[in-house]
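Student: Encoded as structure tokens, here's the structure I'll be asking about.
Just so it is clear, none of the values below were taken in a lab; they were calculated from the coordinates. Computed from a predicted model, the values in this text were never measured in an experiment. Here Cβ is always computed from backbone atoms with ideal geometry, including for glycine, and neighbour counts include all displayed protein chains.
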Amino acid sequence: ALSGNRSLIELHLCKNMIGQAEERNLANPDFLTGPESIANSLASGEIVLTMLDLSWNFIRKESAIALGSALRDLPSLTDLRLAHNCFGDEPTQYLAAALH
């Protein structure tokens, strides 16, 4: 579990297809996607990550927004990698605002 882990400073999860089941969330909104689970862990505020790599994971709109919300509580993060995901302009703007 990520929550409460104060020794983990870099987390490389690229190319793990974490978001591949996000379509299930459309049919069942209670289904927690992989990126949403990561966001929940990050939102604990007890993590000191400086680098998070979630590139190439099929992350889509709702999960990207959940990540954006969690990143507001992660001031230690200086390197965020989200290349080659599928979340579009709106979540990108939300993520950018969360990081300011």
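Student: Could you list the trypsin sites (Lys or Arg not before Pro) in region 1-91 that lie in coil according to DSSP, counting only those with at most 15 other Cβ atoms within 10 Å of their Cβ?
Tutor: Here the sparse-neighbourhood loop sites are Arg6, Lys15, Arg72.
Student: Find the percent of Cα-Cα distances in the chain that exceed 17 Å, and round it to a whole number.
Tutor: 47
Student: Compute the signed sum of charges (Lys and Arg +1, Asp and Glu -1) over the other residues within less than 10 Å, Cβ to Cβ, of Phe31.
Tutor: -3
Student: Return the distance in nm (one decimal) between the two label points of a simple spin-label model at Ala27 and His84, each offset 7 Å from Cα along Cα→Cβ.
Tutor: The answer from the label model is 2.8 nm.
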